[in-house]
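Asker: The structure's right below; bear with me while I get my questions together.
The values are calculated or read from the model by the stated rules, or taken from the named source; none is laboratory data. Only a predicted model underlies this, so the values are computations on that prediction, with no experimental measurement involved. Heads up, the Cβs are rebuilt from the backbone with ideal geometry, glycines too, and the neighbour counts pull from every protein chain shown.
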Amino acid sequence: MMEEARAYEELRVGFTAAVSHELRTPLARLLALLESAALPGGDRDALLAKAREQVEEMSELVDDVLFLSELESGREVVALGSTPALPVLEEVHDRLADSAERADVDIVVDAPPAVELPLRRRMLYVVAENLAENAIRYAGPGATLTLGARTGVLEANDDGRGIEEDELPRLFERFFRSDRARASRGTGLGLAIVKHVVASAGGEVHASGGPGRGLQIRCTFPAP
Ligand SMILES: Nc1ncnc2c1ncn2[C@@H]1O[C@H](COP(=O)(O)OP(=O)(O)O)[C@@H](O)[C@H]1O
Ligand SMILES: [Mg+2]
C-alpha cells in the first residue's frame, strides 16, 4: 500500500510538471503575438486571431486536465447503467459532419439499434467524440472512419495514414503525440481520457494498424 501510494504520488507530480510544460508553449506564443501586435505597422487582426488560437488551445488543455481529474476523483461516474449506442454515435457523426467534410474524412456509423454499452451517455459520447475527432485530424484526406458498436464492443476503424507500429503502445499515454501530429493542435490527452473512461467501466482498449494501414481502436467491455 505504501508502495502504491508512493508510485501514485510520483505519477501525480510528473503529471503536474507535464501540464505546466504543455502550457508554456502556448503562453510563450501568446506573449510573442501580443508583443508583435503592440508594435506599429503589424497586421494586428491576424496577430490577434493567432493569439486567440493560443488561448483556445490552453482552454482545451485545462478542460481535458479537469475532466481527467474528475474521472480520477470519482466525481464523474462513468458506468452508471447502459446506453443505446446508435443514437450517440449518430449524434457524434452529425455534430462533427462539418469538420469531417473540411478534412475530407468520411464517417460511417455502423451499429445495430438494439446494442447498448455499459457507460453513461455522456461518457459514451466523450469516447466516441475523441475517436472521431482523431480520425478527422490525423487520418488524412480521403480516409473513411467507421464508428461501430456491437455487444460489448465499441470500435473506431479508419483507413488513413496510421502511425508507426512502435508508437501503438504509447498512444494511450498522457501527452503522447506522434511527431507528425505535433504541428497540429491537440492536447495529447484524448486517448488517455478514452482509456480512463473505458477502464473505469471495467473494459479494455486496444490499438492496431500501421503506416498506410490506418488506425483501429477497439474498446471491449465485460459482459453484464
Ligand atoms: N486516427 C488516427 N490516425 C493516426 N494517428 C492518430 C489517430 N488518432 C490518434 N493518433 C495519434 O495519437 C496521438 C494522441 O491522440 P490523442 O490522445 O487524442 O491526443 P491529441 O489528439 O490531442 O493529439 C495523436 O497526436 C496522433 O499522433
Ligand atoms: Mg485527440
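Asker: Look through the stretch 127-140, keep the residues that are closer than 12 Å to G214 by Cβ and of a type in the set (A, V, I, L, M), and return whichever of them is surrounded by the most Cβ atoms within 10 Å (Cβ to Cβ).
Answerer: Here the residue is A135.
Asker: Name the single residue that is surrounded by the most Cβ atoms within 10 Å (Cβ to Cβ) among those in the stretch 152-186 being aliphatic (A, V, I, L, M) and not in a loop (DSSP other than H, G, I, E, B).
Answerer: The residue in question is L154.
Asker: Output the residues belonging to the stretch 8-46 that are among the small types (G, A, S), part of a helix (DSSP H, G or I) and surrounded by 11 or more Cβ atoms within 10 Å (Cβ to Cβ).
Answerer: Result: G14, A18, A28, A32, S36, A37, A46.
Asker: Out of R170, R185, R180, R161, I need the residue that is within 9 Å of ligand 1 (Cβ to nearest atom) and within 13 Å of the chain's Cα centre (by Cα). Which one?
Answerer: Just one listed residue meets the conditions, R185.
Asker: What number of residues within the stretch 196-214 are in contact with a Pro (Cβ under 9 Å, 6 or more places away or on another chain), surrounded by 15 or more Cβ atoms within 10 Å (Cβ to Cβ) and assigned to a loop (DSSP other than H, G, I, E, B)?
Answerer: Counting residues in the stretch 196-214 that are in contact with a Pro (Cβ under 9 Å, 6 or more places away or on another chain), surrounded by 15 or more Cβ atoms within 10 Å (Cβ to Cβ) and assigned to a loop (DSSP other than H, G, I, E, B) gives 2.
Asker: Considering the stretch 125-147 alone, what residues qualify as being closer than 20 Å to I193 by Cβ and either touching a Pro at 6+ places or on another chain (Cβ under 9 Å) or of a type in the set (G, A, S) (or both)?
Answerer: If the condition is that a residue be closer than 20 Å to I193 by Cβ and either touching a Pro at 6+ places or on another chain (Cβ under 9 Å) or of a type in the set (G, A, S) (or both), then A128, A132, A135, A139 are the ones that fit.
Asker: From the list A149, A143, A111, which one is assigned by TED's automatic domain parsing to the domain that holds G190, of a type outside the set (K, R), buried (at least 20 other Cβ atoms within 10 Å of the Cβ) and within 15 Å of ligand 1 (Cβ to nearest atom)?
Answerer: A143
Asker: Determine whether L66 is within 16 Å of ligand 1 (Cβ to nearest atom) and either more than 30 Å from A38 (Cα to Cα) or not assigned by TED's automatic domain parsing to the domain that holds E35 (or both).
Answerer: Yes.
Asker: While we're on this one: Would you confirm, using the coordinates I've provided, whether L124 is more than 16 Å from ligand 2 (Cβ to nearest atom) and surrounded by 22 or more Cβ atoms within 10 Å (Cβ to Cβ)?
Answerer: Taking the combined requirement at face value, the residue satisfies it.
Asker: Among the numbered conditions (1) buried (at least 16 other Cβ atoms within 10 Å of the Cβ); (2) in contact with a Lys or Arg (Cβ under 8 Å, 6 or more places away or on another chain); (3) outside the structural domain of A199 (by TED's automatic domain parsing), tell me where E53 comes up short.
Answerer: So the condition that E53 fails would be (1).
Asker: Which count do you get for residues in the stretch 80-105 that are within 16 Å of ligand 2 (Cβ to nearest atom) and not in a loop (DSSP other than H, G, I, E, B)?
Answerer: Going through the stretch 80-105 one residue at a time, the tally reaches 5.
Asker: (1) under 18 Å from the mean Cα position of the chain (by Cα); (2) outside any helix (DSSP H, G or I): which one isn't true of V108, the others all being true?
Answerer: (1)
Asker: Could you please tell me which pairs satisfy a Cβ distance under 8 Å, a separation of 6+ or placement on different chains, a first residue in the stretch 77-97 that is among the acidic types (D, E), and a second residue that is crowded, with 17+ Cβ neighbours inside 10 Å?
Answerer: Final answer for the pair search is E90/V109; E91/Y125.
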